[in-house]
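Peer 1: Before I ask anything, here is the structure I am working with.
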Amino acid sequence: MTSPRPQAAAPGRVPSPCVNVCRLDAAQRHCTGCLRRLDEIAGWSRMTEAQQLAVHAAIAWRREHGMASEPPAAPTAAPNASGL
């Protein structure tokens, strides 16, 4: 079985992990399609390239570990313009 492919990105941009299979697991607070946490989905467009790459690494870890737990250093979303 192959994994769904992330959406294509503009040249020089990190592609979104979204696979257009949006199913939220409220108990674990993540999307069962792309395996991103809700804060990662909401903050994606504000993240730096390094943060986006860290999300991709976290997704790979989650896939390998069956979403059993979080990777040791989970990425965080960048604050918005108001600093919140």
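Quick note: the coordinates plus some simple rules give every number you see, no bench work behind them. Bear in mind the structure is a predicted one, so any value in this text is a computation, not a measurement.
Peer 1: Over the Cα atoms of region 24-64, what Rg and Dmax result, in angstrom?
Peer 2: 10.0, 29
Peer 1: Ordered by residue, what ³J(HN,Hα) values in Hz, to whole numbers, does region 31-36 give under the Karplus form 6.51 cos²θ - 1.76 cosθ + 1.60, where θ = phi - 60° and Gly and Pro are x?
Peer 2: Working through the residues one at a time gives 8, 6, x, 9, 6, 8 Hz.
Peer 1: On a full-extension model of 0.36 nm per residue, what is the gain between Gln28 and His65, subtracting their alpha-carbon distance, rounded to one decimal in nm?
Peer 2: Value of the extension gain: 11.9 nm.
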